[in-house]
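One structure below.
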Amino acid sequence: MKPTDTRDPDYYHKVVDCQWACPAHTPVPEYIRLIAQGEFTEAYLVNRRSNVFPGILGRVCDRPCEPACRRGRVEEEPVAICRLKRVAADHRDEVKHLVPQKPATTNGKKIALIGAGPASLTVANDLAPLGYECTIFEAHHRPGGLMIANIPSFRLPEEVLDEEIGYILDQGVELKTGHRIESLQALSESGYDAVFIGSGAPKGKDLRIEGRDEADANIHIGIDWLESVAFEHVDKIGKEVLIIGVGNTAMDCCRTSLRLGADDVKVMARKPRQFFKASPWELEDAEDENVDILVNHSPKRFVVENGKLTGMEFELMEYQLDEDGRITDTKIAGTKIIPCTDVILAIGQENAFPWIERDIGIEFDKWGVPIVDETTFESTKKGIFFGGDSAFGPKNIIWAVEHGHQAAISIHKHCEGSALESRLPRGVNLQSAKMGVNEWMYSNSYTGEHRRQMPLAELKARLSNRKMEVETGYTAEQIATEVQRCLNCDVQTVFEAPLCKECDACMDICPVDCLSIVPVAEEAELRQSLRVPANNKDQDLFVSEPLKDTGRVMIKDENLCLHCGLCAERCPTAAWDMQDADIFIPHVDDETRKVAAE
């Protein structure tokens, strides 16, 4: 196995598992250290550089960073990364003068953005400060997209949404609300240099089974119903409500139903719990409010009596699973009728582009989704870009943000007449964290504290007010404890093979046995020859150059390493060092600085 090329920035980036897993690559350990120092404003700005909406995402992000958190390898619960993001947003000072500002002059390039959701807003956030004249067209009377229409205000207060969107609009972005685009061809021919489509996946899936038409008045499409509640067109629902589906939209529907007067709310799942699409914390929040989640119930028909919905009949499913948890056989074990007054369908979303002419050069796949380049986000028609759910189907806000960052780079290159694929590479800057003998610029002590639980508003009070935020935020004690749970995995262990004397001191002191000195071998053999066999092939091994005394190699299993720094403290020759890794993720303003420098 060849020595690891640590010049590749993705090597150190991948070791910072939380940042690697985040679609927008937010430098998580960096902002957590700033919070630990009481630098909330700086932590907010570090967040905003990559994710644009720290206050919003600190409440409703799908948290892909947390399952990847290295803390989860030494205990059950990861660091509360998402909630610490909210801490930075809630405790910061005024930042209006610190975020990007409206430029004194524009560059004359006009960009049309369709839909005022997170993808379009991110594009505008990146391009407007550079002088682009950005105009956002929004069908509704206010901006936000799914963030305002589909996420209830008890999870995401409107004032948080309005404030963070306001920072973007204040950069000189023109917002045209109540302006639905009826023809992409007409828009693209009206003087814009590029068009970005961030219209989401606005069509909820229906369930065409027996009784559907007869019971139409009491059957609701989940995302449309949530939108009607958000815009106050709907303020009540029946007493017995069934939610069909177990995604995050279903969780929002069931909890909203309780706030609109329902007494009995059940979520109906076709498969066992391990197949649910909803985030675990979304399920917990719903069950905390006494929502019943029933598994293995497959919808068969709507029960209608005298022209009125009275219930639903379900087939009771039984599944056989293999040792990997995959379904190998399905059987219907009977049927059951469950009474209800209303049914909300939350079984998925689809793209809908009736306003895009099919003869203007944009190709669609067999599912009606536009064919979009996954690097440049350009469609098959030059100058037309997509992002967010409109590009690849329903994902989540943080993915839409990253799409916006990448599309902004492409739009800039398109307007400049340069190749869209020619983009700045990622980079990494390493700086020793050593401040003295066995002293580091970060805390490397290990705390055994468990994850802090988020305080919640009292149940009766929150159910009686649909706009009352359920999560009240961490206390000062909880903040101080939770930040110390971060293992600072962006402070990297850096090894200099020529300095190593093979004394084994680092191996002796390592608390997780992630280090080994072994003969050179092929990867499969090498992984099994370590002190702890490295069976997780998704995580790289660090392999040093041959050591000068024996020709063996130093191996570090990145899957086990806690970045505690004990190896560097113990090493008598300073072969090991702890170095702060600053991962460079280019945005469009970096592209402009590169051109200016040239």
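Things to note:
- In this structure, TRP355 qualifies as over 27 Å from the mean Cα position of the chain (by Cα) and either among the small types (Gly, Ala, Ser) or part of a loop (DSSP other than H, G, I, E, B) (or both).
- Criterion violated by CYS571 - all others in (1) within 22 Å of GLN431 (Cα to Cα); (2) open to solvent by 20 Å² or more (accessible area, probe 1.4 Å); (3) within 35 Å of the chain's Cα centre (by Cα) satisfied: (3)
- Test: residue in the stretch 30-49 that is aromatic (Phe, Trp, Tyr), in contact with a helix residue (DSSP H, G or I) (Cβ under 9 Å, 6 or more places away or on another chain) and closer than 24 Å to ASP252 by Cβ: no
- Of the residues making up the stretch 434-454, one or more are among the hydrophobic types (A, V, I, L, M, F, W, C), modelled with pLDDT of 95 or more and open to solvent by less than 80 Å² (accessible area, probe 1.4 Å).
- From GLY211, GLY200, residue being open to solvent by less than 70 Å² (accessible area, probe 1.4 Å), under 22 Å from PHE392 (Cα atoms) and not aromatic (Phe, Trp, Tyr): GLY200
- Any hit, the stretch 341-360, residues being free of Cβ contacts under 8 Å to residues at least 40 places away in the same chain and farther than 30 Å from ALA419 by Cα: yes
- Residues (more than 31 Å from the chain's Cα centre (by Cα), closer than 30 Å to LYS395 by Cβ and open to solvent by less than 70 Å² (accessible area, probe 1.4 Å)) located in the stretch 304-329: MET312, PHE314, MET317, TYR319
- Output for the stretch 520-551, where each listed residue is assigned to a helix (DSSP H, G or I) and in contact with a Pro (Cβ under 7 Å, 6 or more places away or on another chain): ARG527
- Matching residues, the stretch 315-357, being closer than 30 Å to LEU187 by Cα and small (Gly, Ala, Ser): GLY348, ALA352
- Picking from residues in the stretch 1-36 that are acidic (Asp, Glu) and assigned to a helix (DSSP H, G or I), the one that is surrounded by the fewest Cβ atoms within 10 Å (Cβ to Cβ) is ASP10.
- The set of residues from the stretch 481-528 being of a type in the set (Gly, Ala, Ser) and open to solvent by 60 Å² or more (accessible area, probe 1.4 Å) comprises just one member, ALA524.
- From ASP170, ASP206, ASP193, residue being under 30 Å from ASP90 (Cβ atoms) and either among the small types (Gly, Ala, Ser) or in contact with a Lys or Arg (Cβ under 9 Å, 6 or more places away or on another chain) (or both): ASP170
- Residues within the stretch 407-434 that are of a type in the set (D, E, K, R) and outside any loop (DSSP other than H, G, I, E, B), tallied: 3
- Residue ID - least open to solvent (accessible area, probe 1.4 Å), chosen from residues in the stretch 574-586 that are in a loop (DSSP other than H, G, I, E, B) and of a type in the set (A, V, I, L, M): ALA575
- For the stretch 353-380, a residue qualifies if it is touching a strand residue (DSSP E or B) at 6+ places or on another chain (Cβ under 6 Å) and open to solvent by 30 Å² or more (accessible area, probe 1.4 Å), and the qualifying residues are PHE364, GLU378.
- Number of residues in the stretch 273-303 that are open to solvent by 50 Å² or more (accessible area, probe 1.4 Å), touching a residue at least 60 places away in the same chain (Cβ under 8 Å) and either more than 30 Å from ASN396 (Cβ to Cβ) or in a strand (DSSP E or B) (or both) equals 2.
- Verdict on ALA104 being open to solvent by 10 Å² or more (accessible area, probe 1.4 Å) and of a type in the set (A, V, I, L, M): yes
- Qualifying residue in the stretch 2-20 (condition: without any contact (Cβ under 8 Å) to a residue 24 or more places away in the chain and under 18 Å from ILE585 (Cβ atoms)): yes
- Listed conditions (1) in contact with a helix residue (DSSP H, G or I) (Cβ under 9 Å, 6 or more places away or on another chain); (2) modelled with pLDDT of 95 or more; (3) surrounded by fewer than 20 Cβ atoms within 10 Å (Cβ to Cβ) are all met by LYS395, apart from (2).
- Test: ARG180 is among the basic types (Lys, Arg) and within 26 Å of LEU258 (Cα to Cα): no
- Residue in the stretch 339-348 that is open to solvent by less than 70 Å² (accessible area, probe 1.4 Å), in contact with a Ser or Thr (Cβ under 6 Å, 6 or more places away or on another chain) and of a type outside the set (Val, Ile, Thr) present: yes
The values are calculated or read from the model by the stated rules, or taken from the named source; none is laboratory data. Here the structure is a predicted model, which is why all the values come from computation and not from measurement. Cβ coordinates were reconstructed from backbone atoms using ideal geometry, including for glycine residues, and neighbour counts include every protein chain displayed. We work out accessible area using only protein heavy atoms, side chains counted, and drop any ligands, DNA or RNA first. Shrake-Rupley method; radii C 1.70, N 1.55, O 1.52, S 1.80 Å.
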